[in-house]
Structures are given as C-alpha cells and as structure tokens.
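These notes concern the structure reproduced below.
The values are calculated or read from the model by the stated rules, or taken from the named source; none is laboratory data. A quick note: this is a predicted structure, and the numbers were derived from the prediction, not measured. Methodologically, a virtual Cβ is constructed for each residue, glycine included, from the backbone with ideal geometry; neighbour enumeration extends over all protein chains shown.
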C-alpha cells in the first residue's frame, strides 16, 4: 500500500492494488481503504462512484445519506452506494473511530461460468438494499475482520497488500450477508421490502443438476429456452427439474425472469450502456416488455432507476 503508517489522531487513506475477486457472476474490486482514529470530526457532503462499507470502531455519531440522518455507534456496519450524497460525523461533544473500504462492483465479462449461486443472490440483493446501517451481531464477523483490517493497515507488515486485499473482499461478502440474510439463509429480493424465501434444505440434487441448470440458463439468456431444453441438457426429466425449482419456492419462468432483471438492474446502476441494449442482452424481445417487467418488480422504470442511482 502506497501510504505511510498513520500517526496518532490522523486520518489514514490508502489505495489497494485493484485486483478483482470473482464471486459468482460479479467481480469485487477493493480500490481504497482507511481509518479515522477516535476523535471529534465531520465530513463534508460528498459523492463517490464506488460502494463504501464502513465500520464504527468506537464512539457514536451520525450518517447522513440523501437527506436522511441515521444515528450510528460502535459495532455498526454502514453501506453507502454509488451516487449517494452523504457524510459522516462524530456526535457533538463526542469522539468516533471508523474503518472504511471502497469497492467497485461489476459483472464479470463471462457470466456463464458460475451459475446463479449463493454469492449471486446475496450480492444482487445487497446492491439494491434500502438499508444503510446494520448492527454487527457477530454472526457474520464484520467487526472482527474490520479490526484485523485496521491492524493490518497500521502494522506495515510484509505482504500487507495481499492481506488487506483478502480481508477487504471478506469484509464485503460478510457485510452483504449481514444486510440481506438476517431471516433467510438464501435471500432473493422480490420487491422493496419483500422477500422470496428459498428452502432447499431437504432436497437431494444428485450430480448438481440444479447448478448445471442455472449455468445453462445463464449461457442462454438471450434465447427463449423451454424447460424441456434444460431437462435435456442436464439429462433429467422435466418433472424432476420442476420439483427442483418448486423446492426453492418458484417456477422456472419466474426464476429466469429474476435472473434477467437482476443483471439488468446491476448494469443500469454500474454502466452507461443504453437501456435498449441492456434489455436485448438480458433476453427481452422489446424495450417495452423489459420496461413493463422492470417496473412490476422494482416499482419504477429502468430510466427512473438509473437516475435514482445517479446515472445519466
């Protein structure tokens, strides 16, 4: 890391070598990090293009995001998304210490290799979460990792770049679980404030049939594939495949639409690609059908969503 060790009372910010970590269909790229030692301080209102995850090490204060003010204190994990006008500050007359990491989150160039796995569902839900503050309850270990992260930053030890990179990625995934999985072990965001439970705990998926089916769906997003096409590809019967979907609480058509809209939602937030091109790439025959499906799920049009997230 190209920065000096922090001195007492100094804010410390450093760049992280921008190496992508592949998690499902996403690439997570830690870009910068830092600590604010416990003191009385206040940020100016600002916006950045990356997702920022912070952890309150000690003390108490306030997070302001797009005009909303939220009280924060020791043990809280904070998430601020690209394009959000925000600032943090210690409580008046008090001190607060903070560790923070910035991430670029993007789709991998080839999205067919990993299928729609646990990481995809969790990250997809996290990226359109409406919550900004969660208390770390030790189930996901965000606090412990952030404390290790702080020690790694302050130590100047050999191999520090690799250590901080691995810790940063682990912090990202743990925070994603914290913000999306308090009630459901495999969350899928159905609409703002609503969840689709997935319970496959009693399922016997011999040979990873469902995983292979997921990969086939991903590889054929732009085609109108049928259940029989998937069953033939994974060498099982249509009825057996239907049961695998039903055990997760949905049917094939609903699931494939969910995949398409998750990818489209992410591209609207993270890229400037034309909406018409995005709708075509995720398999919609017309932009009008895409707009209707997107509005039904997210409660707004694709253009409104892009503007809300700070895009053009």
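Please verify whether residue 77 is in contact with a helix residue (DSSP H, G or I) (Cβ under 6 Å, 6 or more places away or on another chain) and assigned to a strand (DSSP E or B), treating the condition exactly as stated.
yes
Yes/no per residue for (1) over 17 Å from the mean Cα position of the chain (by Cα); (2) buried (at least 18 other Cβ atoms within 10 Å of the Cβ); (3) modelled with pLDDT under 90:
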| position | (1), (2), (3) |
| --- | --- |
| 8 | yes, no, yes |
| 16 | yes, yes, yes |
| 23 | no, yes, yes |
| 36 | yes, yes, yes |
| 55 | no, yes, no |
| 67 | yes, no, yes |
| 78 | no, yes, no |
| 92 | yes, no, yes |
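Is segment 108-129 home to any residue that is part of a strand (DSSP E or B) and either in contact with a helix residue (DSSP H, G or I) (Cβ under 8 Å, 6 or more places away or on another chain) or outside the structural domain of residue 265 (by TED's automatic domain parsing) (or both)?
No.
Quick check on residue 84: is it outside any strand (DSSP E or B), modelled with pLDDT of 85 or more and under 23 Å from the mean Cα position of the chain (by Cα)?
In short, yes.
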